[in-house]
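These notes concern the structure reproduced below.
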Amino acid sequence: MPVESAPSVVAELARRIALITSNADGRHVPAVSSVDHLTAAGGRAVIAENRAAYIAEYGEPALVTRRRRRLTPGLGHRSVVAATEWAMSR
C-alpha cells in the first residue's frame, strides 16, 4: 500500500536537500542542481530502475532471516529487524 507524504513534509525535505553543499576548490557549492518531485508511480519506477542496476552489478541480494541476522554497523537492532521483516514480506 503506497504512502504519500503531506505536501509540507515534501517541501521541507526538498528545502533541506537544497541546503546541502560540498566543498569545491575552497568554495561551498550546492550538492544538487535541482530537486524533482515524483509521483508515487514515478518513485516506484526509479526504485525499480536502481534495483535492476544494483542486481546487474552486484547480483541478487541475499535474504536476511530472523535466525541469522547480520547487524550492519551504524544501524540499531530495531532497524535491522524492521528491514528484515520488510524484506521477508515481499
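The values are calculated or read from the model by the stated rules, or taken from the named source; none is laboratory data. The structure presented is a predicted model; accordingly, all values stated were derived computationally and were not measured. Here Cβ is always computed from backbone atoms with ideal geometry, including for glycine, and neighbour counts include all displayed protein chains. We work out accessible area using only protein heavy atoms, side chains counted, and drop any ligands, DNA or RNA first. Shrake-Rupley method; radii C 1.70, N 1.55, O 1.52, S 1.80 Å.
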Do we find that THR39 is surrounded by 12 or more Cβ atoms within 10 Å (Cβ to Cβ) and not aliphatic (A, V, I, L, M) in this structure? no
Residue tally, condition in contact with a Lys or Arg (Cβ under 9 Å, 6 or more places away or on another chain) and farther than 25 Å from ALA6 by Cβ, over region 24-39: 0
Name every residue in region 12-39 that is part of a loop (DSSP other than H, G, I, E, B) and either within 18 Å of the chain's Cα centre (by Cα) or among the hydrophobic types (A, V, I, L, M, F, W, C) (or both), in order of residue number. LEU19, ILE20, ALA31, VAL32, SER34, VAL35, ASP36, HIS37, LEU38, THR39
Can you find a residue that is in contact with a Lys or Arg (Cβ under 9 Å, 6 or more places away or on another chain), part of a helix (DSSP H, G or I) and at pLDDT below 85 anywhere in region 40-56? no
Is region 60-82 home to any residue that is open to solvent by 90 Å² or more (accessible area, probe 1.4 Å) and at pLDDT 80 or above? yes
